[in-house]
1. Quick one, can you get me the convex hull of the C-alpha atoms of the chain expressed as volume per residue in Å³?
2. Could you put VAL16, VAL694, VAL549, VAL544 in order, starting from the residue whose Cβ has the fewest other Cβ atoms within 10 Å?
3. Which far-off residues, 5 or more places away or on another chain, put their amide H under 5 Å from the one on ARG459, with H placed in the peptide plane?
4. Count the net charge of all other residues whose Cβ sits under 10 Å from the Cβ of GLN583, scoring Lys and Arg as +1 and Asp and Glu as -1.
5. Cβ under 12 Å from LYS457's Cβ, LYS457 left aside: what net charge do those residues give with Lys, Arg +1 and Asp, Glu -1?
6. Take ILE453, ILE364 and order them by how many other Cβ atoms sit within 10 Å, fewest up front.
7. Quick one: which residues, 5+ away or cross-chain, put their amide H under 5 Å from the amide H of TRP639? H built at 1.01 Å from N.
8. What's the whole-number percent of alpha carbon pairs in segment 498-574 lying beyond 22 angstrom?
Amino acid sequence: MYVSFEGVGTRADVYVNGTHLGRHMGAFTGFTFDATPALVRGENVLAVRASNHPQDTVDSLPSGAGKQLYRMYGGIYRRAWLIKTRAAHFDPLDHGSSGVYATPSNVTAASADLAVRARVRNASRGPLSLRLDVRLFDRDGQLREGEWRQVDVPAGQVAESEVKHRVSRPQLWSVAKPSLYTLQAELWDGDHLVDALTERIGFRDFRMSDGRFLLNGEPILLRGVGKHQETEYRQAAVTDDELREDFASLKDLGVNFVRLAHYPHARLEYDLADELGLLVWAENGHSNSWKVDPGVGETITREMVRQHYNHPSIVMWSVGNETAFVRVNPFAAAAKADDPQRLVVYASNTGVQGRKRQPHLDLIAHNTYRGWYRGEPWDFEERAVALRYVAESGGGSVITNHTDHLAARHAVDSFEPEEYRQELAEVHFQTVFRDHAQEVPLYLVWILRDFAIDKYKGRNTKGLLTAAGFRKDAYVLYQSFLKPDQPVVHITSKTRFLRRGLPDDGIKVYSNRPSLSLTLDGGPPVRMDNGAFRHRNGRRVDNVFHWRVALREGRNVVRVSDGAGHEDTAIVYYNAPDRPPPQPSPDEPIEDLRSSNPRVPALLIAQEVRAQWPFYSEFDGTADNTFDRLPAGTEGAYWISTPRLGKPGHRTRIGFKLRADADVFVMATEAGPGPPFVRMEAACTWRNNDLRLVPCRLFRHAGSSGERVAVPPAPGDYVVLVRPRVTKGT
């Protein structure tokens, strides 16, 4: 009887009936203990002490001491298993692995060799002579190969046996066609089946040659993204559905490569990469420069390799990230000893030390943020070409932070507008897809999804997605380069729904189509060819279109089309800084909109509220409030946008007259507006100015045509929504 855990953060002590079975260090690798000696008949008590306290985890990977690049959550956050076996069984105690390892070699389209090594444990009091059967089935369920070996195992010992196959004309695993085989290993004692394991494997050859990467003998440019195991809703204790959602985003994005940073991920993620044809950089958790215990670090590295050994998607074992090369070499040696075939890599932010000092490293890739932490966007070009292998790059963006396109700027950790991140993305993607593709054979954007850490309001904002999974503009631009045959048409900066800067700052669009036409408020179309865009320094950038059209005061309807059925639309309001906000138009549900506080102008945004969008009209980082999932009943409503109402001095009375019957909602963090508004029971959450998910309250008033509605001043943040009531027959 074994107890097996897929992940406990970070130090785990496991007890059965008060007997200490063992201690495991490391939050991200699995481990298994034999509980048999501690068991009694009847009820047994399993207890786990989990700690992520820095003092308890100082010698782990990553160390609990020193600078942390991500949150180290505690507790049992992955699956736990009780495994019951017969006395003879495949050994689950080899660093938490299955005990069965499949090694393809000499892989070509004509043939491949396959060696299957199995560790067999005999827990009985006498020696056993067993038969190891190994069979290989292709993706259609057809038996391709079968072989067996005798295994003699002394009492209470472990023995190893290896079965070898030659597979003719294997179905190769590739990015375009990720063919998987099923490996079935069985242990027989005479005519009795005593244990069986199933593993999925794939045949593929991945290597470096003259500084380039080859997959099945063909050169491949690695274009990908880094990924953490974290979502806004469950932090590191992600569900299977959330992991599948992330991998669906990776396939939608179009990457062929993913860096599962900075530690071993859940086994489901490697399974998904196998199925979807994504090449994987797997990492051991060595992500700060504290001098961790080398023995613990080597154990965790071996656990990573052995637990995930059979996944064809994994092509690189990473032994560190930005650790100043501290302890890198022994971890590299451990990975290379357990798996000589895959590349052993390290992500450096301090250059290279050379092969003599790091003899077990096959590749040193580089984290570079030129244009974000220092320098200008185009500084990335020279840096990327010199480094060649880019393990991290990018910059932050917050969907509630905005500037003019023509005056994009940023301040790290305090003001991170999408428009500046757009500029960085435009430079990066032009560099690695157009101007220097062969000179940069490995490129990874940091990161797929925002995650929690002590940066901008407690969050690393470099994600192509928000923590909730909302797509930022850089996501779509990356997709337009990664998927040239899939039409992409996307108007940028939509969450900057109200603009107060230059009236001709214009409309920017990301598209991989040959040309686009823009119409503004139904006017004549203005055509532009792909490749006509010039960056602020005069350099060409493909897949970017920027029309310097002037927006009119008030509501502007923007439509962009490629003329072949692919288009995008947006509603953008413009309000000159020296003018009062425009009143609602006659076809909108309210009129005579007023705010009693001149510091808090109110404007009806006549487009449907959207989940994850901002609702305040300040985009300077002081009003980062956003909707989460919309409460039931509010779908289709418009909203009244103001500067952030929770700021000191911003209390105001909002009043307006209804042109038609309408439901008026108030979403508020604190007390409601009082009668005639009635509290609703609908679930309501949003993000406050600190980007924290917080509960909100929803109030509703069923208003009548011609009625004057007043929303009195209230403490805290709130927003007013108006939804016309549709009557039967209209």
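1. Each residue corresponds to 203 Å³ of Cα convex hull volume.
2. VAL694, VAL549, VAL16, VAL544
3. ILE453
4. -2
5. Value of the local net charge: -2.
6. So the residues, fewest neighbours to most, are ILE453, ILE364.
7. For TRP639, whose amide H was placed from the backbone, the distant partners under 5 Å are ILE605, GLN607, VAL722.
8. 23 percent
Read-outs throughout are calculated quantities, based only on the coordinates presented, and are distinct from any laboratory measurement. A quick note: this is a predicted structure, and the numbers were derived from the prediction, not measured. Quick reminder, even Gly has a Cβ in these numbers, built from the backbone with ideal geometry, and neighbours come from all protein chains shown.
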